[in-house]
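Participant: This structure is in structure tokens; I'll ask about it shortly.
The values are calculated or read from the model by the stated rules, or taken from the named source; none is laboratory data. In this text the structure is predicted, and so the values were computed from the model without any measurement. All Cβ positions, even for glycine, are placed from backbone atoms using ideal geometry, and neighbour counts span all protein chains on display.
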């Protein structure tokens, strides 16, 4: 009997030791994979990850690495590889939800990540399928364990679906789904007006309705924004400690200001004033509310600086263009001020490393093809940033102490890759040309008419900016008069 008891004790001790050893090996593997991914050694990271997955197939720590590998691949624009990890991470989170419905918010994040990753890799329809799969799982879980938190998570998933539908050209279907969600959220709120989670859900949808209107029908956004502000303001009076409600108002305020910051500084200042008044009315005796207000004030200070730069740009409209300050011309012969006389000039402030700048290239190519022989001259204004051209990756790469000659050659290859036919003007490093035009972010477009007067300045790569610039270009190309007063 004693020998039997001793044998059991030895067995348990041995099993415990093996378990501790396995956990240590697992932790070591996880750390190694994380370090490889952080160091952008993706092939090695992938190999180590697959080995760890084979050895520890049920380990949450190992399977959570899908998210880090997704991010690492996306940083180097390996969208297909990143999407595979994002989808696998969603599958993992759905399994976790089946065991514990409290993990619903993690499912929302994973589904959104997978859908966006698939869209970036050219598989937007598959992204919609993944969101639908997550919605079905949460709906099934809600039948067994209904809760306001699960209801909110489902609402967020449907909102993400609407957003993806808009991004994949399904605007009509997205609009119908949005109205269905709004009707359901209004009904749920009316049934329990004191339930803060239902108020949060309705506020989120109203904010999303504003976002959609700003993208698809800008003229309708203002009354919707007023409706949102009134609803959220009233709900905050009922629930003064609700950070989600305050955050919703803040997000809507910041978006509202950002929409006009680069085109109408005066209106941006007015909207900023409304936001200040809202923050001043909050109960900052509540610690979390106080922290949120302080963070909002920091954001506001940054926006005030940007608005000041926007006012400076706004004041340039109607005035003579600032003379070019060019160190080197690239991708075409040098231009003089005389060469530009009587031309419509589009200055595009950009950089090879700037993703939003690249997003404007289809518009630049289109305008150059349409108006290049009718008097339009596009000049891409940039600086030397020490970027060479990576022939294998077909993308710019940072290189220390790169000569200007090699960087010029890299710019030409960049232009060829993106089919850009216009010239680049490289300004001196100590030039005040960017500052003179109030450049605080790129891309920035400056449109100059045939008389040499600035007619429009737009910052950013959004569709609205492209629409505004394209519309005025049509007018200026067709206008051969010398009046600078038109369009002021």
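Participant: If residue 396 satisfies every condition in (1) closer than 18 Å to residue 328 by Cα; (2) part of a strand (DSSP E or B); (3) within 24 Å of the chain's Cα centre (by Cα) but one, which is the exception?
Facilitator: With (1) closer than 18 Å to residue 328 by Cα; (2) part of a strand (DSSP E or B); (3) within 24 Å of the chain's Cα centre (by Cα) applied to residue 396, the lone miss is (1).
Participant: Hey, can you tell me all the residues within region 307-327 that are in contact with a helix residue (DSSP H, G or I) (Cβ under 6 Å, 6 or more places away or on another chain) and assigned to a helix (DSSP H, G or I)?
Facilitator: Going through region 307-327, the residues in contact with a helix residue (DSSP H, G or I) (Cβ under 6 Å, 6 or more places away or on another chain) turn out to be 307, 310-311, 314, 322, 325.
Within region 307-327, 307, 310, 311, 314 meet the criteria.
Okay, residues lined up against (1) in contact with a helix residue (DSSP H, G or I) (Cβ under 9 Å, 6 or more places away or on another chain); (2) assigned by TED's automatic domain parsing to the domain that holds residue 472; (3) modelled with pLDDT under 95:
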site: 351; (1), (2), (3): yes, yes, no
site: 365; (1), (2), (3): no, yes, no
site: 380; (1), (2), (3): yes, yes, no
site: 392; (1), (2), (3): no, yes, yes
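Participant: Which ones in region 369-383 are in a loop (DSSP other than H, G, I, E, B), in contact with a strand residue (DSSP E or B) (Cβ under 7 Å, 6 or more places away or on another chain) and at negative phi? Steps first, answer last, please.
Facilitator: Step one: of region 369-383, the residues in a loop (DSSP other than H, G, I, E, B) are 372-375, 383.
Those left that are additionally in contact with a strand residue (DSSP E or B) (Cβ under 7 Å, 6 or more places away or on another chain): 375, 383.
Correct list: 383 only.
Participant: May I ask you to list the residues in region 260-278 that are without any contact (Cβ under 8 Å) to a residue 24 or more places away in the chain and crowded, with 19+ Cβ neighbours inside 10 Å?
Facilitator: Once the filter is applied, which keeps residues that are without any contact (Cβ under 8 Å) to a residue 24 or more places away in the chain and crowded, with 19+ Cβ neighbours inside 10 Å, region 260-278 yields only 271.
Participant: Next up: Going through region 80-109 one residue at a time, which ones are within 19 Å of the chain's Cα centre (by Cα), surrounded by 19 or more Cβ atoms within 10 Å (Cβ to Cβ) and farther than 20 Å from residue 50 by Cβ?
Facilitator: Answer for region 80-109, where residues must be within 19 Å of the chain's Cα centre (by Cα), surrounded by 19 or more Cβ atoms within 10 Å (Cβ to Cβ) and farther than 20 Å from residue 50 by Cβ: just 108.
Participant: For region 167-203, which positions are surrounded by 17 or more Cβ atoms within 10 Å (Cβ to Cβ), modelled with pLDDT of 90 or more and within 26 Å of the chain's Cα centre (by Cα)?
Facilitator: 178, 181, 200, 202, 203, listed by residue number.
Participant: Return the pairs, sorted by first residue and then second, in which the second residue is surrounded by fewer than 17 Cβ atoms within 10 Å (Cβ to Cβ) and part of a loop (DSSP other than H, G, I, E, B), the first residue lies in region 23-45 and is without any contact (Cβ under 8 Å) to a residue 12 or more places away in the chain, the beta carbons are less than 9 Å apart, and the residues are 6+ apart or on different chains.
Facilitator: Close Cβ pairs (under 9 Å, with a partner that is surrounded by fewer than 17 Cβ atoms within 10 Å (Cβ to Cβ) and part of a loop (DSSP other than H, G, I, E, B)) amount to 35/41.
Participant: Which residue is modelled with the lowest pLDDT, if the candidates are limited to region 114-129 and must be buried (at least 17 other Cβ atoms within 10 Å of the Cβ) and outside any helix (DSSP H, G or I)?
Facilitator: 121
Participant: In this structure, is residue 84 at pLDDT 90 or above, closer than 23 Å to residue 105 by Cα and assigned to a helix (DSSP H, G or I)? Let's see the steps before the verdict.
Facilitator: Values: at pLDDT 90 or above: yes; closer than 23 Å to residue 105 by Cα: yes; assigned to a helix (DSSP H, G or I): yes.
The answer is yes for residue 84.
Participant: Yes or no: region 280-288 includes at least one residue that is crowded, with 19+ Cβ neighbours inside 10 Å and out of contact with any strand residue (DSSP E or B) (no Cβ under 8 Å at 6 or more places or on another chain).
Facilitator: Scanning region 280-288 turns up no residue that is crowded, with 19+ Cβ neighbours inside 10 Å and out of contact with any strand residue (DSSP E or B) (no Cβ under 8 Å at 6 or more places or on another chain).
Participant: Looking at residue 290, is it closer than 27 Å to residue 456 by Cβ, free of Cβ contacts under 8 Å to residues at least 24 places away in the same chain and either in a helix (DSSP H, G or I) or not assigned by TED's automatic domain parsing to the domain that holds residue 210 (or both)? Talk me through it step by step, then tell me what you get.
Facilitator: Details: closer than 27 Å to residue 456 by Cβ: no; free of Cβ contacts under 8 Å to residues at least 24 places away in the same chain: yes; either in a helix (DSSP H, G or I) or not assigned by TED's automatic domain parsing to the domain that holds residue 210 (or both): yes.
Answer is no for this residue.
Participant: Regarding residue 175, is this residue in contact (Cβ under 8 Å) with a residue 12 or more places away in the chain and outside any helix (DSSP H, G or I)?
Facilitator: On the way: in contact (Cβ under 8 Å) with a residue 12 or more places away in the chain: yes; outside any helix (DSSP H, G or I): no.
No: the conditions fail for residue 175.
Participant: Separate question: I'm trying to understand the selection: among the residues of region 430-468, which are under 22 Å from residue 216 (Cα atoms), surrounded by fewer than 19 Cβ atoms within 10 Å (Cβ to Cβ) and either touching a strand residue (DSSP E or B) at 6+ places or on another chain (Cβ under 7 Å) or without any contact (Cβ under 8 Å) to a residue 24 or more places away in the chain (or both)?
Facilitator: 462, 467, 468
Participant: Say whether the condition of being exposed (fewer than 13 other Cβ atoms within 10 Å of the Cβ) and modelled with pLDDT of 90 or more is met by at least one residue in region 238-252. Don't jump to the end; show me each part of the working.
Facilitator: Of region 238-252, the ones exposed (fewer than 13 other Cβ atoms within 10 Å of the Cβ) are 238.
Filter again for modelled with pLDDT of 90 or more, leaving 238.
The answer is yes, given that some residue of region 238-252 is exposed (fewer than 13 other Cβ atoms within 10 Å of the Cβ) and modelled with pLDDT of 90 or more.
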